[in-house]
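Heads up: the structure comes next, in structure tokens.
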């Protein structure tokens, strides 16, 4: 069991480009969560997905951010037209019931 | 909105000392309380998931207690070692559904050799 796989580990984008972050949950886990860690802050909830459904996106910025978890393939967090303030570590976690297993995160840097 | 608060935010202890820190959470609509250990440049690692009032869980030198009536949990580390240096996060599911959790800001522990 490879655990929760996130890629890429590091991503550099210029302002205005798109960033795509991928997350493959643990085998047997049907719940995926995305969290963001801004500098000097804790983990902030963004979105909770199950296969083909967004369950709770109350933590997602209203514009430029979207997430999906298709029937086949990894969950994708997409950030369009990135700005410097999007620079952060983005963590994905998956669960079957209680407790999360986290991926190693994607560190996004916008230059 | 669920507020999960942790104290202290940072802590320095000498190797061999025992230490503890606190997580507080609203006691209404309680579902579960999670503790995670987060080392720098790694991903958070689950330590405990606690659901019952009075629960006490132990993993090696680390243990945790839970009081759901008053809304707090303690994490204890006995005989701290340098490898215990990490940020310890607690988290609790929002009342809107047990799957989505809100994290506290964490307690950053530094064990001095």
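The values are calculated or read from the model by the stated rules, or taken from the named source; none is laboratory data. Because the structure is predicted, anything quoted here is derived from the model rather than measured. A quick note on method: Cβ atoms are made from the backbone with ideal geometry, for glycine too, and the neighbour counts reach across all protein chains shown.
The residue that is farthest from residue B:5 (Cα to Cα), counting only those in the range B:61-71 that are more than 14 Å from every other protein chain (Cβ to nearest Cβ) and at pLDDT 95 or above, is B:61.
Identification of strands (runs of 3 or more DSSP E) wholly contained in the range A:5-56 with 2 or more residues that are within 10 Å of another protein chain (Cβ to nearest Cβ) yields A:31-37, A:43-50, A:53-56. Answer with yes or no whether residue A:85 is away from every other protein chain (no Cβ under 13 Å), surrounded by fewer than 19 Cβ atoms within 10 Å (Cβ to Cβ), without any contact (Cβ under 8 Å) to a residue 60 or more places away in the chain and not in a strand (DSSP E or B). For residue A:85, the condition - away from every other protein chain (no Cβ under 13 Å), surrounded by fewer than 19 Cβ atoms within 10 Å (Cβ to Cβ), without any contact (Cβ under 8 Å) to a residue 60 or more places away in the chain and not in a strand (DSSP E or B) - is met. Please determine whether any residue of the range B:40-54 is modelled with pLDDT under 90 and buried (at least 20 other Cβ atoms within 10 Å of the Cβ). For the range B:40-54, residues modelled with pLDDT under 90 and buried (at least 20 other Cβ atoms within 10 Å of the Cβ): present.
The set of residues in the range A:88-111 that are surrounded by fewer than 17 Cβ atoms within 10 Å (Cβ to Cβ) and either away from every other protein chain (no Cβ under 14 Å) or touching a helix residue (DSSP H, G or I) at 6+ places or on another chain (Cβ under 8 Å) (or both) comprises A:109, A:111. Residues in the range B:27-42 that are assigned to a loop (DSSP other than H, G, I, E, B), touching a strand residue (DSSP E or B) at 6+ places or on another chain (Cβ under 8 Å) and either more than 9 Å from every other protein chain (Cβ to nearest Cβ) or within 12 Å of residue B:65 (Cβ to Cβ) (or both): B:30, B:39, B:40. Here the condition is being in contact (Cβ under 8 Å) with a residue 12 or more places away in the chain and farther than 18 Å from residue A:37 by Cβ; of B:36, B:76, B:88, it holds for B:76 alone.
Scan the range B:61-78 for residues that are in a loop (DSSP other than H, G, I, E, B) and surrounded by 12 or more Cβ atoms within 10 Å (Cβ to Cβ) and the total you get is 4. Filtered by the rule that a residue be assigned to a strand (DSSP E or B) and buried (at least 19 other Cβ atoms within 10 Å of the Cβ), the range A:66-82 gives A:67, A:75, A:77, A:79. When the range B:43-60 is examined, which residues are found to be assigned to a loop (DSSP other than H, G, I, E, B), more than 14 Å from residue B:84 (Cα to Cα) and within 11 Å of chain A (Cβ to nearest Cβ)? Across the range B:43-60, the qualifying residues are B:43, B:51. All of (1) modelled with pLDDT of 95 or more; (2) within 12 Å of chain A (Cβ to nearest Cβ) hold for residue B:93 with one exception: (1).
Between B:7, B:24, the distinction of being in contact with a strand residue (DSSP E or B) (Cβ under 6 Å, 6 or more places away or on another chain) and surrounded by 14 or more Cβ atoms within 10 Å (Cβ to Cβ) belongs to B:24 only.
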